[in-house]
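As structure tokens, the structure follows; a few thoughts come after it.
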Amino acid sequence: MTTAQRPTLEAVARRAGVSRATVSRVVNGSTTVAEDIQEAVRRAVAELGYVPNLAARTLVTQRTDSIALIMPEAATRVFSDDQVFPGIIQGVSQELEAADKQLVLMLAGSAAGHHRVERYALGRHVDGVLFASLHGADPLPGTLARAGIPAVCSGRPLDDSVPYVDVDHLGGVSRAVAYLLDAGRQRIATIAGPQDMVAGIERLAGYRDTLVAAGHPPLVAVGDFTRESGAVAMRQLLDQHPDLDAVFAASDLMAHGALRTLREAGRRVPEDVAIIGFDDIEMAAYTDPPLTTVRQPIRQIGREMTRLLLRLAAGQPIDRAVILPTELIVRDSA
């Protein structure tokens, strides 16, 4: 069927025996039309194969039925083997599909990318914005919120500018470090995450607080949540503290890198050095040895973010902070 042959609102109206305005209201989701008339319009739409003009519909409803998921990361990071990113995307997609909304995935790993995303959102091409993997006091969520664009973050933004969904970093790490202490480990190091992200900051704080309370000195190296940074940080820790006997790594990928370094250094895991990660991505169960880790509900984070945003966009009351529980999963590495 060519564009000229596409059925129009007028054709649907004639088939249903109602006015064009009534068809428009039904197509655009109005609930003020009697149910029998709605049914007649829906039947006419199905019989004629009518497809709404989305541009015109947006002008009428002031809605795009699209939600942006913005990740301020390079494509090489988002599309790496870090399963946190696809887990969040999957959770967001599931909720948006159920709500009949479209997902727009946008990467903003550079200044130019940031400006592009800002222009797109401020141009009202989406009904709301989700952020994942924020670094530093990123001004973009606050900028969009002040412009009246609903926005929700994964992880607490450093400036507390918008609602967010996060996990119990402090409690999860505290349980992991306490587990190592209870096992008799005396020299417990950490490979911390980036200190411009709340996840990195709070996981380091949980480690420090628990260790200091037990009378043990913190032994810290910092990575960036990647496997390679974990390997480098582990070499640094072994050089500085050769007598260490346990490591908490703030991500499973960093723990995996640390396992490789420990093996190269001739250290047995867990006999010589116990190691615990954070995330419980699928890979954690298949490392050698399988990785003890703090599980965070990654897909649920994406789902809860989306639910929060949809309620916010609908003008419904919301909690500005949703904190999900974490769980220690014990395997052979500790």
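For the chain, with only Lys/Arg (+1) and Asp/Glu (-1) charged at the beta-carbon, what is the dipole magnitude about the Cα centre, in debye rounded to 20?
Numbers: 34 positive and 40 negative charges, 262 e Å.
With Lys and Arg at +1 and Asp and Glu at -1, about 1260 debye.
Hey, with R₀ at 22 Å, roughly what FRET efficiency would Thr76 and Tyr286 work out to, going by the Cβ-Cβ distance, to 0.05? Could the numbers behind the result be given before it?
On the way: r = 23 Å, r/R0 = 1.05.
So the FRET efficiency works out to roughly 0.45.
For the range 132-140, take each phi angle, set θ = phi - 60°, evaluate the Karplus expression 6.51 cos²θ - 1.76 cosθ + 1.60, and give the result in whole Hz per residue in order, putting x for glycine and proline.
9, 6, 6, 10, x, 7, 4, x, 4
What list of ³J(HN,Hα) values in whole Hz, one per residue of the range 308-313 in order, does the Karplus curve 6.51 cos²θ - 1.76 cosθ + 1.60 (θ = phi - 60°) give from phi, with Gly and Pro shown as x?
Coupling constants for the range 308-313: 4, 5, 5, 5, 4, 5 Hz.
How high is the relative contact order of the chain, in percent, with contacts defined as C-alpha pairs under 8 Å that are six or more residues apart?
Working: 619 pairs, mean separation 52.8, N = 334.
Relative contact order for the chain comes out at 16 percent.
Who wins for biggest fluctuation among Gly302, Gly172, Gly215 in a Gaussian network model of the chain, springs between alpha carbons below 10 Å?
Fluctuation is largest for Gly215.
If each of Val51 and Asp243 carries a label point 7 Å out from its Cα toward its Cβ, how far apart are those two points in nm?
Reported label-point gap for Val51 and Asp243 is 7.2 nm.
Which cross-chain or sequence-distant (5 or more) residues have an amide H under 5 Å from the amide H of Val222, H modelled 1.01 Å from N in plane?
Result for Val222 returns Ala192.
For Asp138, what residues show an amide H to amide H distance below 5 Å, using hydrogens built from the backbone and excluding near sequence neighbours?
Hits under the 5 Å cutoff: Leu158.
Helix 252-264 sits at what angle to the longest principal axis of the chain, using alpha carbons and giving 0 to 90 degrees rounded to 10?
So the helix axis and the longest Cα principal axis differ by about 30 degrees.
Before I look further, what does the range 83-133 give for accessible area per residue, probe 1.4 Å, in whole square angstrom?
Details: 2420 Å² over 51 residues.
With the other protein chains kept in place, the range 83-133 gives 48 Å² per residue.
Quick one: longest stretch of the chain between exposed loop trypsin sites (Lys or Arg not before Pro), exposed meaning at most 12 other C-beta atoms within 10 Å and loop per DSSP? Mind showing how you got there, number by number?
On the way: sites that count: Arg268, Arg320.
Counting only loop sites that pass the neighbour cut-off, the longest clear stretch is 1-267.
Can you bin the range 200-280 into rounded, prolate or oblate? Criterion: square roots of the alpha carbon gyration tensor eigenvalues sorted a ≥ b ≥ c, rounded for a/c under 1.5, prolate for a/b above b/c, oblate for the rest. Intermediate results must be reported in sequence, preceding the final value.
Working: a/c = 1.67, a/b = 1.19, b/c = 1.41.
Judged from the Cα gyration tensor, the range 200-280 comes out oblate (a/c at least 1.5, b/c at or above a/b).
Between the alpha-carbon centers of the range 110-133 and the range 276-334, tell me the distance in whole angstrom.
Taking the Cα centre of the range 276-334 as reference, the centre of the range 110-133 is 25 Å away.
Using a 1.4 Å probe over the heavy atoms of the protein chains, calculate the carbon and sulfur portion of the accessible area of the chain as a whole percent.
52
What residues qualify as long-range amide H neighbours of Phe131, i.e. H under 5 Å apart, gap of 5 or more or another chain, H built at 1.01 Å from N?
Ile70, Val152, Cys153, Ser154
Counting DSSP beta bridges with both partners in the chain, what percentage is antiparallel, nearest 5? All intermediate terms of the calculation are to be shown ahead of the outcome.
Details: 3 of 37 bridges.
Once the DSSP bridges in the chain are tallied, antiparallel ones form about 10 percent.
Return the ratio Rg/(2.2 N^0.38 Å) for the chain, where Rg is computed over Cα atoms only.
Details: Rg = 25.2 Å, N = 334, 2.2 N^0.38 = 20.0 Å.
My calculation over the Cα atoms of the chain gives 1.26.
Using a Gaussian network for the chain with springs between C-alpha atoms less than 10 Å apart, which of these wobbles most: Gln38, Gln316, Gln83?
Top of the fluctuation ranking is Gln38.
The values are calculated or read from the model by the stated rules, or taken from the named source; none is laboratory data. What you see is a predicted model; the values in this text were computed from it and never measured. Please note: Cβ atoms are built from the backbone with ideal geometry, for glycine as well, and neighbour counts cover all protein chains shown. Accessible surface is based on the protein model in full, side chains and every heavy atom, while ligands, DNA and RNA are left aside. Shrake-Rupley method; radii C 1.70, N 1.55, O 1.52, S 1.80 Å.
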